[in-house]
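First up is the structure itself, then whatever we jot down about it.
The values are calculated or read from the model by the stated rules, or taken from the named source; none is laboratory data. Everything quoted here is computed from the prediction, not taken from an experiment. Neighbour counts are summed over all protein chains in view; Cβ atoms, including those assigned to glycine, are modelled from backbone coordinates with ideal geometry.
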């Protein structure tokens, strides 16, 4: 067997190995996130079952935070605020159906914290969780959509179009995005219809 390898064959081998490493990294990251969400759910459930509230339970949560940081010094995420977020995470999503709970478990933690702190209902949370997953929104993009109240706008003014039937898949989302913005032209103070020249 020759010690030399065909350059093209070598590149194929390297390409397959790189793809395998990237795929495994992604799988591990997803599993790690899901496990972390499960841990946060379980901690939140325990804190909720104990009936801890911000006034009454503040000292308990502060002490838990300090003891957890001492037990796991290399870990982050055990601040008092984050422990309260875990409790709120459990209490909020425990009211949701299993499908939404599973979808929320896939989102990064800070996406969930943003949703549970900013939205008013489970239906609204479902909209943002599903949209963030479907569109791959970053936390900042998610925040912008929440601030713009995309849930209410989508519910009140659903877009009626045939992009899925009329356009190639790679153009459907782009065309849909173009129509997302609603223009508020009240500042023009136009009292009668205007014809475009």
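Do the conditions hold for residue 144, that is, is it farther than 29 Å from residue 173 by Cα and either part of a helix (DSSP H, G or I) or out of contact with any strand residue (DSSP E or B) (no Cβ under 6 Å at 6 or more places or on another chain) (or both)? It is false that residue 144 is farther than 29 Å from residue 173 by Cα and either part of a helix (DSSP H, G or I) or out of contact with any strand residue (DSSP E or B) (no Cβ under 6 Å at 6 or more places or on another chain) (or both).
Looking across the range 104-118 at every residue that is surrounded by 18 or more Cβ atoms within 10 Å (Cβ to Cβ) and at pLDDT below 95, the one that is farthest from residue 148 (Cα to Cα) is identified as 105. The requirement of being surrounded by fewer than 17 Cβ atoms within 10 Å (Cβ to Cβ) and more than 28 Å from residue 143 (Cα to Cα) is satisfied by residue 7. Looking only at the range 51-69, residues that are surrounded by fewer than 16 Cβ atoms within 10 Å (Cβ to Cβ), modelled with pLDDT of 85 or more and closer than 13 Å to residue 82 by Cα come to 4 in all.
Taken over the range 137-163, the criterion of being surrounded by 14 or more Cβ atoms within 10 Å (Cβ to Cβ) and closer than 18 Å to residue 105 by Cα is satisfied by 137, 139, 142. For the range 70-93, the candidate set comprises residues that are closer than 15 Å to residue 38 by Cα and out of contact with any helix residue (DSSP H, G or I) (no Cβ under 6 Å at 6 or more places or on another chain); within that set, the residue that is surrounded by the most Cβ atoms within 10 Å (Cβ to Cβ) is 82.
Summed over the range 94-127, residues that are part of a helix (DSSP H, G or I) and within 12 Å of residue 37 (Cα to Cα) total 11.
For the range 126-136, which positions are surrounded by 12 or more Cβ atoms within 10 Å (Cβ to Cβ) and closer than 14 Å to residue 106 by Cβ? 126, 128, 129, 130, 131, 132, 133, 135 - these are the residues of the range 126-136 that are surrounded by 12 or more Cβ atoms within 10 Å (Cβ to Cβ) and closer than 14 Å to residue 106 by Cβ. Residues that are under 18 Å from residue 116 (Cα atoms) and either out of contact with any strand residue (DSSP E or B) (no Cβ under 8 Å at 6 or more places or on another chain) or without any contact (Cβ under 8 Å) to a residue 60 or more places away in the chain (or both) number at least 1 in the following helices (runs of 4 or more DSSP H) confined to the range 1-93: 7-49, 80-93.
For the structure I just gave you, tell me whether residue 122 is farther than 20 Å from residue 45 by Cα, more than 11 Å from the chain's Cα centre (by Cα), surrounded by 12 or more Cβ atoms within 10 Å (Cβ to Cβ) and without any contact (Cβ under 8 Å) to a residue 60 or more places away in the chain. For residue 122, the condition - farther than 20 Å from residue 45 by Cα, more than 11 Å from the chain's Cα centre (by Cα), surrounded by 12 or more Cβ atoms within 10 Å (Cβ to Cβ) and without any contact (Cβ under 8 Å) to a residue 60 or more places away in the chain - is not met.
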